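First up is the structure itself, then whatever we jot down about it.
None of the figures in this text is laboratory data; all of them are computed from the coordinates on show. Since we're looking at a predicted model, the values are computed, not measured. Every residue, glycine among them, receives a Cβ derived from its backbone with ideal geometry; neighbour counts consider all protein chains shown.
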Amino acid sequence: MTGLTLTIDTTRWHDHLRALAERVPGIVPVAKGNGYGFGLRQLADETTRLGLRTLAVGTPAEAAEVKEYFDGDIVILLPWEPNDPHAVEQARDPRVIVTASRLTDLEILANLGGDRPRVLVEVLTSMRRHGLPVEDLQAIDMWKDFLAIEGWTIHLPMRGDNNNRVEADKLGRAALAVFDAPLWFSHLPTADYLAMAARLGEGKARLRMGTTLWLGEPGALKTTATVLDVHPIKRGQRVGYWQRPAAADGYVVVVSGGTANGIGLEAPTSAKTLKSRAVSFATGALEAAGRALSPYTILGEKRWFAEPPHMQSSLVMLPAKVDPPNVGDELPVDVRNTIATFDQIIFV
Ligand SMILES: *Cc1c(COP(=O)(O)O)cnc(C)c1O
């Protein structure tokens, strides 16, 4: 086994997925981008295994791919774009539900010809990303007879306070006053969603979930890299592509995983706490000084990169005072699953 490896405790992961799916009626799994590290195919298969008949993807291209192995309904989350021929093609598929975020697009969809396109109408939220402002919602009256309106979509910011519940309530009421259709939420806290779903009644609320579903049981997921080589080095000896001198005696440890795997590409965190801000400041500052802490843990500690990661391997430094690992050892590595590309995924 070499390369960057994701090891999944299958029973634990499946138990978590099933428990969440049972607790959240109307859940719509989201599979987009790198498939949260698992790949779109795996997530589509898990959705089928859960007995769920709707899967959300990000783009028309992802919808086209997922269709090959998921036989339920597919929701495209990014706003429908009339100038994209792939988006137009997907809107003609009776299995696909598109998201319309502008009145002009509703008009174009209504005039597409063929069967009525299935659409979710997006309501603009405090995110201010996409959607119709509340005062424009009534205008859907003009087009609604030519469309199959499957619901309203309400995509909220990530807030830990009560504001999402308040906003969901306000926008939900405004939308329902215009047209009675299910409300599809994103990032509404689960407890608030469950209360809302109970109030609206069966089939009237949906909750799209990616991270909380797929990555919500971190104990079931383990990421490791392999030690590929170990070399002793003396202070001042040069190392790597950039021939930087070693700061001290020790070892150069060559580990699997590089930029192709998303190593060294840290997605920005929201850095909520003072401590996490301090950490990102510290690592940024060290990077500016030409050194960066790597995501690899050797003997219980994160170790420094000798230089920026290569495409498929990385060089990290170990001080002389420790026993170096052996070639073939597996090391824990911290990567964000939403940007990682694993060389292998192992179910145990
Ligand atoms: C990506 C996406 C989600 C899923 O987000 P997570 O934070 O991963 O749960 C939900 N809704 C919309 C509209 C999205 O684009």
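Explain nothing, just the number: relative contact order of the chain, from Cα pairs under 8 Å at least 6 residues apart, as a whole percent.
Reported as a whole number, the value is 20 percent.
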Listed by chain and number, the residues whose amide H is under 5 Å from that of ARG116, excluding neighbours fewer than 5 places away on the same chain and using placed H, are none
Could you work out how far the C-alpha centroid of region 190-221 sits from that of region 1-77, in angstrom?
-> 14
So, in Å, what gap is there between the alpha-carbon centers of region 99-147 and region 331-346?
-> 39
Choose one of ALA247, HIS310, PRO117: the residue whose Cα lies farthest towards the positive end of the charge dipole of the chain (beta-carbon charges +1 Lys, Arg; -1 Asp, Glu; about the Cα centre).
-> ALA247
Calculated from backbone phi, Karplus (6.51, -1.76, 1.60) coupling profile of region 185-193 in Hz, x at Gly/Pro | 9, 10, 6, 7, x, 3, 4, 5, 4
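Where nothing but the Cβ of Lys and Arg (+1) and of Asp and Glu (-1) is charged, how large is the charge dipole of the chain around its Cα centre, in debye to the nearest 20? Present the calculation step by step, with values, prior to reporting the outcome.
Working: 37 positive and 41 negative charges, 224 e Å.
With Lys and Arg at +1 and Asp and Glu at -1, about 1080 debye.
Once R0 is set to 22 Å, what does the formula 1/(1 + (r/R0)^6) return for the Cβ-Cβ distance between MET127 and ARG173, expressed as a FRET efficiency to the nearest 0.05? Write down the numbers at each step before the final one.
Details: r = 19 Å, r/R0 = 0.85.
Calculated value: 0.75.
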Grab the beta carbon distance between ARG159 and ASP334, set R0 = 30 Å, and tell me the FRET efficiency rounded to 0.05.
-> 0.70
Largest-first principal axis extents of the Cα set of region 67-125 (Å) = 32, 29, 18
Tilt, helix 40-49 to longest principal axis of the chain (alpha-carbon atoms), in degrees rounded to tens, equals 60
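Cross-link list LYS32/LYS204; LYS144/LYS204; LYS222/LYS302: which exceed 21 angstrom alpha carbon to alpha carbon? Write out the running numbers ahead of the final one.
On the way: LYS32/LYS204 24 Å; LYS144/LYS204 18 Å; LYS222/LYS302 16 Å.
Beyond 21 Å between Cα atoms: LYS32/LYS204.
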Non-local amide H neighbours of VAL230 (under 5 Å, H modeled in plane, Pro and chain starts lacking H): which ones?
-> VAL254
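Based on the Cα gyration tensor of the chain, what are the three equivalent ellipsoid semi-axes, each the root of five times an eigenvalue, rounded to whole Å and given largest first?
46, 20, 19
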In what sequence, highest mean first, do 312-319, 142-149 appear when ranked by Cβ atoms within 10 angstrom?
-> 312-319, 142-149
